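Please read the structure below before turning to the comments.
The values are calculated or read from the model by the stated rules, or taken from the named source; none is laboratory data. Values in this document were obtained by computation on a predicted structure and should not be read as measured data. Neighbour counts are summed over all protein chains in view; Cβ atoms, including those assigned to glycine, are modelled from backbone coordinates with ideal geometry. In case anyone asks, the SASA skips ligands and DNA or RNA and just uses the protein heavy atoms, side chains included. Shrake-Rupley method; radii C 1.70, N 1.55, O 1.52, S 1.80 Å.
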Amino acid sequence: MTAGISLGVLLVVLGSSIAVAAGMAMVGLILNEAYSPMPLSRMMGELAWATTSNFILTAIPFYIMFGEILLRSGVAERMYNALVQWLSWLPGGLMHSNIGSCALFGSVSGSSVATAATIGVVAMGEIDKHKYNERLFLGTLAAGGTLGILIPPSINMIIYGVMTDTSIPKLYLAGFLPGFILTVLFSLTVLIACLWKPRWGGRRIETSWQERWRTLPDLLPPLVLLLIVIGAIFFGFATATESAAVGILGALVIAAWRGRLSLAMLRAVCEGTVHTTAMVAAILVGAFFLNIVIQTIGLTQQLSQLIRAYELTPAQVLGAVIFLYLVLGTFMEELSMMISTIPITTPLVLQAGYDPVWFGVLLVLLIQTAMISPPFGINIFVIQGIRGRGQLVDVEVGSAPFVIALLVMIALICAYPGIVMWAPRAFG
Amino acid sequence: MKRLQEIAEGISHAGAIVGGALLLVAALTICVDIFLRYAFSLTIGGADDLSGYALAISSAWGFSLALLRRSHIRIDTVYVRVKSRAARAALDLLSLGCLGLFGGLVAWHGWGVLSLSWASNSHSQSAIEMPLIYPQGLWFAGLAFFVMVAVLLVARAVRALIAGRPDELFRLIGSKSAVDEAEEEIKSIEHAMEEGKTRGRT
């Protein structure tokens, strides 16, 4: 009962377009007033300080800053052009390079919007040049971009890890194989579409082995950064925060090497980082407060009683949660959706007996699906914004096949949890 | 009051750059720390505390920047379907009021955290033993500034409403549509790439 009311109040408050951070705090205050005699608002000061000075969460601004520097370092364009040489022989040509670039960029970036926007800006000019099916081309960019949060590093995984007390290195390890499989599934989607309708695949791009070897060094900077940022975590040399800090240094070195380091650039980097960080931090403070209220009023125990009372099987609970996210994902902003629901859905799924690392990866896949499902899908807006012509519906239709690929991936990890759990068990 | 807002924007902007610089310095300190740890088995210690403080201070100062740029995330599914401009203005004021209240509560109790550190002379746990009142003071200042900016915006929005200039209210505190948000993100990315390119050539 309380769980239903809590979720209802949350949806009404957030739905009334109150800023999400404040909305969650208000829901916390309302639930506190209704169900607990203790005035928990007194904890807000301590909570805000403890949350924002948390060393693990420092990884968030570091990854944001890392991305901001990388964006200005010219790595993305060169990487894209090199991948064009290596991947465009496949039916579907550049569309495979789009997905490959997104996967590679996603493995150094922790954000899906940044990945879609960066690769989108680089790739957009190519649609007309090679006469691709515009919708499918746009779909590869919107969908490919979502790989940014599945392939580590991932800002969303850090937030999930901190909110649910789950190991972030384990989440990162767990994300790798699903990220790789999903990349292949996306490419297969393009391949099938272009074998079915060869016209969609555009004109062949002339490449040569000579060109391929010449552009190969352009793939090095992202690969080296990938090794530093991810390798350090996997082999236990550094924590997520430390490896993000090393990533910043690496990105600065690359920017300097390309002659793009300057005081003006650093100022823009600092400002952009703080602007984005503050938005995330505000929501986190609100969510942590709501989380404490929910724990204090005993919602978690009520949820497990609920499961027992209705004799729900684990699969039914999981099915309900997946359904909830697929529905919410169509109209809610993705980051807010994730942060505001974690305090309610995670205890429910864990009570049903699922592993927190596995659910973290499932949650990321559901968020990815939300990012490309209309009417509200942030990556759809980003790609349409870069395109700057035509109708939004083109991107929505183009993304549809990739939504199916994502649903297949979700079904895969539900049927074979080993895909997710293999790496954290073997290395963790 | 417009002048006041320009001043507030200037301060937020400066606060964000300083906050970002703190984060950058913290990241580089961590790199030095890691290097010393593996090269000489030494630790300077305190790098993790410093980066935590950098995050707390920069996000407290970033709150006001995000408020002035209307970029605190709002879910506008219902908002965009509300046709009445009066109702929209009411929702905007409600959202701003809640943000101000939230910021006010955090700042109010944040003051408690600061004065407790002052009274008990708390120091950070690591080797640097920095008195906590320094980072907490800067953090609290950022929160207090956020509340002032929120009050200023409420005053300006209400005045615009009374004077019958709803467009001004929407410009000040209206919900940005997701499409606007996406466009801004893209502009900043395109700008960043262009900026890099031209500098790369020279």
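Some notes on this structure:
- Global form of the protein assembly as shown, assessed from the alpha-carbon gyration tensor, a/c cut-off 1.5: rounded
- Here's the list of lysines a cross-link from A:K197 could span, going by alpha-carbon distance under 27 Å and ignoring same-chain residues fewer than 8 apart: A:K129, A:K131.
- For chain A, the solvent-accessible area works out to 35 Å² per residue, with a probe of 1.4 Å and every protein chain left in place.
- Helical segments meeting 15 Å axial Cα length and Kyte-Doolittle -0.5 threshold in chain B (DSSP H): B:2-40, B:47-68, B:85-119, B:133-162
- Relative contact order (%) - chain B, alpha-carbon pairs under 8 angstrom, separation at least six: 25
- Solvent-accessible surface, computed for protein heavy atoms with a probe of 1.4 Å, shrinks by 50 Å² or more for the following residues of segment A:1-43 when the other protein chains are added to the isolated chain: A:S17, A:I18, A:A19, A:M26.
- Nearest-0.05 FRET efficiency for B:A163 and A:S167, computed from C-beta distance (R0 41 Å): 0.15
- Mean Kyte hydropathy of -1.0 or more with a Cα span along the axis of at least 20 Å, helices from DSSP in chain A: A:20-35, A:134-150, A:168-196, A:240-257, A:263-296, A:314-331, A:334-351, A:356-371, A:392-415
- Global form of segment A:314-428, assessed from the alpha-carbon gyration tensor, a/c cut-off 1.5: prolate
- Interface burial in segment A:200-241 reaches 10 Å² or more for A:F237, comparing the full protein assembly with the chain by itself; accessible area from heavy atoms with a 1.4 Å probe.
- Averaged over A:118-124, number of beta-carbon atoms from partner chains that fall within 10 Å: 2
- 222 nm mean residue ellipticity, helices alone, for chain A (DSSP H n ≥ 4; -39,500 (n - 2.57); rounded to 500): -24500 deg cm²/dmol
- Threshold 10 Å², segment A:284-312 residues less accessible with all protein chains present than alone (1.4 Å probe): A:V285
- Ligands, DNA and RNA left out, the accessible area of segment B:1-160 computed with a 1.4 Å probe is 70% carbon and sulfur.
- Peptides A:377-383, B:164-170, A:209-215 ranked from most to least packed by the mean count of surrounding Cβ atoms within 10 Å: A:377-383, B:164-170, A:209-215.
- Using a probe of 1.4 Å on the protein chains alone, the accessible area found for A:F180 is around 130 Å².
- Using a 1.4 Å probe over protein heavy atoms, the accessible area lost on pairing A with B, summed over both chains, comes to approximately 6200 Å².
- Annotation: for a label point projected 7 angstrom from Cα along Cα→Cβ of A:Q295, residues of segment A:145-179 with backbone N closer than 11 Å are A:163-165.
- Rounded accessible area per residue of chain B, 1.4 Å, Å²: 49
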